[in-house]
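No value in this document is a laboratory result; all are computed from the given coordinates. The structure presented is a predicted model; accordingly, all values stated were derived computationally and were not measured. Cβ placement follows ideal geometry from the backbone for every residue including glycine, while neighbour counts extend to all protein chains displayed.
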Amino acid sequence: MGGTSTRRNRRRLVVALVSAAALATGAIVALQPTATTAGAARIADVDDSSPDIRYVGDWSVATGDGKFDGGDRWTDRADSSAVLEFDGTGIAVHGAKAPWHGDMVISIDGVRAAQVSAYAAERADDVVLFSRDGLADGPHVVTVTATGTAPAASTGTVVAVDRFTTTAPVPAISVASAARADDTADRFTWTGTWQRTSGAGRFNGTDQVATAAGATATLTVAGSTIAVYGARGPASGRAAVSVDGGRETVVDTWAATRTEQQVLGRWTGLADTTHTVRIRVLGTRNDISTGTAVSVDRYDVSAGAEAPSAPASSGFVTREGNTLMLDGQVFRFAGANQYYLGLDDNIRDDKGNPTFPPQSRTDDALNSAVRTGATVVRSHTLGMSVGCAVCIEPRRGVFDDTAFRSADYAIYRAGKLGLKLMIPLVDQWRWYHGGISTFTGWRGYTNNPDVSRNASNNQAQRASEAHFYTDPNVIADFRQYVRHILEHVNPYTGLAYKDDPTIMAWETGNEIWTANPDWTQQLASFIKHTVGAKQLVADGTAATGMSVSNAAIDAPDVDIVGGHFYPVDVAWMQRDAAVAAAHDKAYVVGEFDWTDKAATAKLLAAVEKDRNISGDLYWVLMPHLEDGSPEIHGEKYAIWSPALDPAALQIQQLLTAHAKRMSLPS
C-alpha cells in the first residue's frame, strides 16, 4: 500500500512462435503448418491498470518497486471483486502477500475454484496467488473476491491484485502457408505523410500513423484471407478500406480508450492470388474524437485457406413458401426472449448507465435457454443500441465498436450451443437501448421529456416519431446504423454479422406498429440487397392488438410476420397464421404472456398442431448473477431456470416439453 499514481495501461504479450531476432528485424514471420506451432503457447500479462479488468467495490492504487509495472490494486472491503474476461486454457493471479493481508475467493466461469490466503510473515510483491491450467480452450471469466476475513495471525484483511497471466495455445496452421508482418514490411507502400510511432502493445513495438486526408497505405500480398490491423483510440479518425479496387468501407477507428492491434479490415474467401488492399485516411472524425489519426500496425495473410464457416449442422435458416427450412428439413421451434444479451438495464454502473453482461452471465442465460429446450432466442440489444453513453451509436454518426463486446460473445456462444437468433433493429418504445424517438430526436423532432409518453399514449410524441418513416435524413441515419451493425465483424467468429448463420432473422423492429408496408419492404430490400445479408427478414410490426393484415404481408423481401399476445388469444393467432400462409409468409409468435397456466397450455397445444405456425418465443427468460442469485427484472413475466417457485416450475415444465415436441423431425 502507499501512494497512488496514474500509470499507462500496459499489456505485455509473449508469443512463443519466433525468435527474438526475427521480431527485432521487423521481418515477415512465416507460420508453417502444424510442425512449427505444435505445443506453442501465447502468454499475456494483464496489469492491474488494464481496462480489461473490471473492479467492483472499493479498490485503491498502490505503487512500489517490487510490483509488476510499478503498482497494484488493493481492497480490504468484503465482496469487492476484480473480474477479467480472457481467452485461453490457463490463468494465474499475481498479487502481494503481507502480515496484514487476508483471504480471497477465486472463481472461474462463475464456479468457485479456490479460497486463497494472502497472509505472510514478511511482505512479498508480484507473487502467484493462484493458477489453473487445463481449461477448455475458449472464453472464460476469472473473478477475485475479497472475503473480509483473514488468518488469526494477520493484522488486516487486505487483498492486492497485481496482474493476471493468461495462457492460450497457438493453434496449428492448417493452411498451405501463412504469414504475419508489421508496418515496416516491404509489401506496404505509403503515400502522404505517415509517422512511425513506438509503444507497448503495438506489433513489434511500432505502427504507422497519418492524420491528413488522402494519405494511403497500400498492401500488395498473395493469399485468400487477408487482415489489416491498427490502433483505436480517443484521437482516432476515419479511414476507407478496400480490396482490389472494390467498394470502400468506411471504418471509424475511434474508441474511448486506446486499444492496439484492432481489425481495420478483413477479407476471406478471396482467390488464392495477389491482391491489393488500400487504407485511405479520410481526415475526418466523429463528434467525440479529438483527432483524425489512423494507425496501421500489421497484416496477416494465409494462402489456401477457406473463409470461416459454421459447423456443417449449422446452416442458414431459409424459407420455402410459408415454411422455414434448415439443412433441407422443416424447421419449427420454441424459444425465449432474452433482450439483455448485448446491454443489460437491470445492472447499472456508478453513473447509472446500463452495463455489458459478463461472459459468465451470458453463458448462464444461454445455457438456461438450451436446458429448457429452446432452439431460438430473440434478443433486442444484439441489434438495438443507440443514444446512451455506452451504446454502439451514442450520438448520431458516432460509433463505438467496443460496445459490441457482449453482443459478439453472445452470438458466438449461441452458435456453439446450436441456437438461432432473431434480432430486432429498432424499438417503438422509449427504452434504455434507444429506439425510433432517438433517431427522430437527433434530427430535431421534439421528444416528450417523460419517456413513458410514447406513440401509443401521446399524440404529439406520435406525430414527432412519424418522421422516422418519412424524413430522408432520419431514414439515412437509421440505414447507416443498420449497415454498421450488419457489417460488424465478430472477433470470436471472424464473420460479419450479415454472414453468420447463427442469426436466423433480422427483425425490422420491436413492436413498431406505426410502420407502413412500403417502409418495411424498403428496409428489407436494403438489408438483403444493398448490405447483402444472408439471413431472413422479419416484419417488426407485431404487437398486441395488431393483425398481420397491417404488416408487409406482400412485401417480396419479407419472410416472417407474426404476433405478440398479452394476454394469450389463440383464435387471433390461428386466424393471423392462416392469413400469413395465404401470402406465403412464415408466422412466428414473437412474444406471449405465459403467466396464465391454462391459457399457456392452450396456446402451446395450438402452435404444435397448426403447421402454419413456425415457432413461438415467450417473454422473458432471465439469467443468474455471478453469485448465483437470480437477476431481478421488474415485471411479472420474468422466469428463471431453475424456476423459483412451484407455480413457475409447472409453467417451465410446460414450456420445456413443448419445446422438445416442436424440435422433433417433421
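Size estimate for the range 177-303 follows the Kirkwood approach: the inverse of mean 1/r over distinct Cα pairs works out to 14.3 Å. With K and R counted +1 and D and E -1, the other residues having a Cβ less than 15 Å from that of N286 yield a net charge of -1. Shape of the range 112-265 from its Cα gyration tensor (a ≥ b ≥ c, root eigenvalues): rounded if a/c is under 1.5, otherwise prolate when a/b > b/c, or oblate? Taking the square roots of the gyration eigenvalues as a ≥ b ≥ c, the range 112-265 is prolate. Listed from fewest to most Cβ neighbours within 10 Å, the set D133, D345, D500 follows the order D133, D345, D500.
Residue by residue, the range 271-285 carries 3J(HN,Hα) couplings of 4, 7, 8, 7, 10, 10, 9, 10, 10, 10, 6, 8, x, 10, 8 Hz when phi is fed to the Karplus relation 6.51 cos²θ - 1.76 cosθ + 1.60 (θ = phi - 60°); x denotes Gly or Pro. A straight chain from R371 to D87 at 0.36 nm per residue would run longer than the Cα-Cα distance by 99.8 nm. The calculated 222 nm mean residue ellipticity attributable to helices in the chain amounts to -5000 deg cm²/dmol, summing -39500 (n - 2.57) over DSSP H runs of n ≥ 4 and dividing by all residues. Label separation (D287 vs H529): 3.4 nm, computed from points 7 Å beyond Cα along the C-beta direction. Here r is the Cβ-Cβ distance between S663 and K609 and R0 is 22 Å; the resulting FRET efficiency, rounded to 0.05, is 0.90.
Which of the three applies to the range 476-528, rounded, prolate or oblate, going by the alpha-carbon gyration tensor with a ≥ b ≥ c and a/c under 1.5 meaning rounded? Note, shape of the range 476-528 comes out prolate. Near E507, the amide H atoms lying under 5 Å from its own belong to I423, L425, A538; only residues 5 or more places off or on other chains count, and H is placed 1.01 Å from N. Here the range 184-343 carries DSSP beta bridges of which approximately 95% are antiparallel, counting only pairs with both residues inside. Length gained on full extension, T656 to Q115: 191.1 nm, using 0.36 nm per residue less the C-alpha separation. In this rough spin-label picture, where each label sits 7 Å from Cα along the Cβ direction, the K351-A200 distance is 2.4 nm.
Could you give the Stokes-Einstein D for the range 429-474 in µm² per second, using the C-alpha Kirkwood radius, 4 °C, 1.567 mPa s? Taking Rh from Cα pairs, D becomes 125 µm²/s. Under the criterion of Cα pairs below 8 Å and six or more residues apart, the relative contact order for the range 177-303 equals 38 percent. Annotation: amide H of A496 within the under-5 Å range of N490, sequence separation 5 or more or interchain, hydrogens built in the peptide plane.
Pull out a ≥ b ≥ c, the square roots of the eigenvalues of the alpha-carbon gyration tensor of the range 324-662, then state rounded if a/c is under 1.5, prolate if not and a/b is larger than b/c, and oblate in the remaining case. Since a/c stays below 1.5, the shape of the range 324-662 is classed as rounded. Beta bridges from DSSP with both residues in the chain: antiparallel share about 75 percent, rounded to the nearest 5.
Take the Cβ-Cβ distance between W190 and R54 as r, set R0 to 45 Å, and report the resulting FRET efficiency rounded to the nearest 0.05. Write out the running numbers ahead of the final one.
Values: r = 38 Å, r/R0 = 0.85.
Here the calculated transfer efficiency is 0.70.
Counting beta carbons within 10 Å around each of S236, S80, S629, S50 and listing the fewest first gives the order S629, S50, S80, S236.
Taking only the alpha-carbon atoms of the range 562-605, what semi-axes of the equivalent ellipsoid follow from 5 times the gyration tensor eigenvalues under a square root, in whole Å, largest first? Please report the intermediate quantities before stating the final value.
On the way: eigenvalues 84, 18, 11 Å².
Square roots of five times the eigenvalues give 21, 9, 7 Å.
Taking a Cβ cut-off of under 15 Å around R132, the surrounding Lys, Arg, Asp and Glu residues balance to a net charge of -3, with basic ones at +1 and acidic ones at -1.
Each Lys or Arg adds one and each Asp or Glu takes one away; over the other residues whose Cβ falls under 12 Å from the Cβ of G321, this sums to 0.
Principal axis extents of the Cα atoms in the range 354-399, from largest to smallest and rounded to whole angstrom, are 40, 20, 12.
Cβ-to-Cβ counts within 10 Å put M662, M384 in ascending order as M662, M384, the fewest first. Structure shown: which of K528/K609; K67/K351; K420/K602; K597/K660 lie over 29 Å apart, alpha-carbon to alpha-carbon? The answer is K528/K609; K67/K351.
Site pair Q261 and Q459 shows an inter-label distance of 6.2 nm when each label is modelled 7 Å from Cα along Cα→Cβ. Proximity of backbone amide H atoms, modeled 1.01 Å from N, is registered between Q262 and G230, A231, R232 at under 5 Å, excluding neighbours fewer than 5 places apart on the same chain. Computed from backbone phi with θ = phi - 60° and the Karplus coefficients 6.51, -1.76 and 1.60, the 3J(HN,Hα) list for the range 428-442 is 5, 8, 8, 9, 5, 8, x, x, 3, 5, 5, 5, 5, x, 4 Hz; x is used for glycine and proline.
Computed from backbone phi, the HN-Hα couplings of the range 509-514 come to x, 10, 6, 7, 5, 7 Hz, rounded to whole numbers (Karplus: 6.51 cos²θ - 1.76 cosθ + 1.60, θ = phi - 60°; Gly and Pro given as x). When Cα Rg over 2.2 N^0.38 Å is calculated for this entry, the matching label among [x] 1.01; [y] 0.94; [z] 1.07 is [x]. For the range 112-169, dividing the convex hull volume of the Cα atoms by the residue count gives 102 Å³ per residue.
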